[in-house]
Amino acid sequence: MEKRPVVMHPYGMAFRNNYKSWLGKSQNETTEILESFANTCRNRKYNFKLISEIGKAGEVICHTANKENASHIVMGSRGLGTVRRTLLGSVSDYCLHHSPVPVSVVPPTSSP
């Protein structure tokens, strides 16, 4: 079997380093947000379990609901318009159509 030389381009290394930096920052922000949310839940004496997963949001939510034997999913809506929601997709729409359990979508509060 013939061995081929591996050539590493300097831009490739820069991209890899930037990606690692971004990923670390993203994980730290996720941890901070989850901890803040956990504190709110503890203060209100909720029975809760926080889970952090990587993947397409709708698919992860439906899979996790099934895996955790959830009885209901309650999620918020950002209130995007029809065109924007069609172009970007909608996590709540995905969950409504693919969830193994009932889903409640809470609309955003209206501004005064």
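The values are calculated or read from the model by the stated rules, or taken from the named source; none is laboratory data. Note that the structure is predicted; figures quoted are calculated from it, not measured. Backbone-built Cβ (ideal geometry, glycine too); neighbour counts: all protein chains shown. Calculation scope for accessible area: heavy atoms of the full protein, side chains included, ligands and nucleic acids excluded. Shrake-Rupley method; radii C 1.70, N 1.55, O 1.52, S 1.80 Å.
Any idea which of 71, 110, 92 is open to solvent by less than 80 Å² (accessible area, probe 1.4 Å) and polar (S, T, N, Q)? Show your work before the answer.
Values: 71 fails: open to solvent by less than 80 Å² (accessible area, probe 1.4 Å); 110 fails: open to solvent by less than 80 Å² (accessible area, probe 1.4 Å).
Selected residue: 92, the only one of 71, 110, 92 that is open to solvent by less than 80 Å² (accessible area, probe 1.4 Å) and polar (S, T, N, Q).
Within the stretch 35-63, which residues are over 17 Å from residue 105 (Cα atoms) and β-branched (Val, Ile, Thr)? Let's see the steps before the verdict.
Narrowing the stretch 35-63 to residues over 17 Å from residue 105 (Cα atoms): 35-56, 63.
Result: 40, 51, 54.
With respect to the numbered conditions (1) among the β-branched types (Val, Ile, Thr); (2) in contact (Cβ under 8 Å) with a residue 12 or more places away in the chain; (3) open to solvent by 90 Å² or more (accessible area, probe 1.4 Å), which one is the sole condition not fulfilled by residue 33?
So residue 33 meets the others, but not (2).
Among the candidates 52, 92, which residue alone is modelled with pLDDT under 90, part of a helix (DSSP H, G or I) and either closer than 25 Å to residue 29 by Cβ or within 14 Å of the chain's Cα centre (by Cα) (or both)?
Working: 52 fails: part of a helix (DSSP H, G or I).
One residue alone meets the criteria, 92.
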